[in-house]
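Okay, structure first, notes after.
Every number here is computed from the coordinates shown, using simple stated rules; none is lab data. No experiment lies behind these values; they were computed from the predicted model shown. Glycine gets a Cβ as well: all are built from the backbone with ideal geometry, and neighbour counts include every protein chain shown.
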Amino acid sequence: MRIPQVNFSKGELGPQLYGRFDVDAWQSALRQARNVIVMKYGGVTKRPGTRLVGQVINATEPAMLIPFQFSMTQTYALEMGQGYMAPCALGGRILESEQVITAITNAAQAQLTIAWHGFSAGDLIYLAGVEGGLGTLLNYRTWTVMAVIDANTVSINADTSASPAFTGCTGGTANTAPPIVVPPPAVPPPVAPVPGPIISYGGGIGINSLEK
């Protein structure tokens, strides 16, 4: 007769306890638990998976992810880099308000027509809603503003010269006036770590040394 085991609160057993059925922990443990999380009431659940949300904004400097929980229902992952913080939630980055794209050129650096875009060179743009074959290349990716042509046009680091022509883009709200742009604060360069003191482990001649 087999007795079902319904309590796994002790987690995994060490190899030394594999045959110790006389130990209480043996009755509420597992020999091996992979890709699961042991719940505090004895059950197990599948561990959460991972997926690529995006590359770090500045890959030339160290960056790290810090978990942040605002409330019981709002949790975030904060990408902390040199001089910036980018929050992520619900499997993606938190973005600014969506703007309407009315035209995209076919060029080595595609030009986007966005009314009163308010972007500067070096800003990041996340594209979605581009229709047709061009959207296969551009959608759900983050692109860098290479140059600001004018108040309504920017170029990005996307080569669309061999892509289908722009047919339209869904979503977004068109700007009717220039946005209020607040310049970011100046960010000082990272400070190099201060070297530690030089420590001697003997061998010198001091006032307490003995000379022969």
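Quick notes on this structure:
- The amide H of L30, built 1.01 Å from its N in the peptide plane, has G11, E12, L13 as neighbours under 5 Å, considering only residues 5 or more places off or on other chains.
- Farthest towards the positive end of the charge dipole of segment 1-159, among the residues P87, G14, A108, is the Cα of G14, using unit charges on the Cβ of Lys, Arg, Asp and Glu.
- Treating each Cα of segment 1-46 as an identical point scatterer and summing with the Debye formula, the log10 of I(q)/I(0) at q = 0.24, 0.26 Å⁻¹ comes to -0.87, -0.98.
- Under conditions of 37 °C and 0.692 mPa s, segment 96-177 yields 263 µm² s⁻¹ as its translational diffusion coefficient, taking Rh as the Kirkwood radius over Cα pairs in the Stokes-Einstein equation.
- Beyond 21 Å, the tail of the calculated P(r) for the chain holds 72 percent of the Cα pairs.
- In Hz, Karplus ³J(HN,Hα) per residue of segment 82-87 (6.51, -1.76, 1.60; θ = phi - 60°; x = Gly, Pro): 6, x, 8, 9, 10, x
- Reducing segment 91-118 and segment 1-53 to their Cα centroids gives an inter-centroid distance of 50 Å.
- When the Cα positions of T60, T73, G168 are compared along the charge dipole of the chain, T73 comes out farthest toward the positive end, with charges on each C-beta of Lys, Arg, Asp and Glu.
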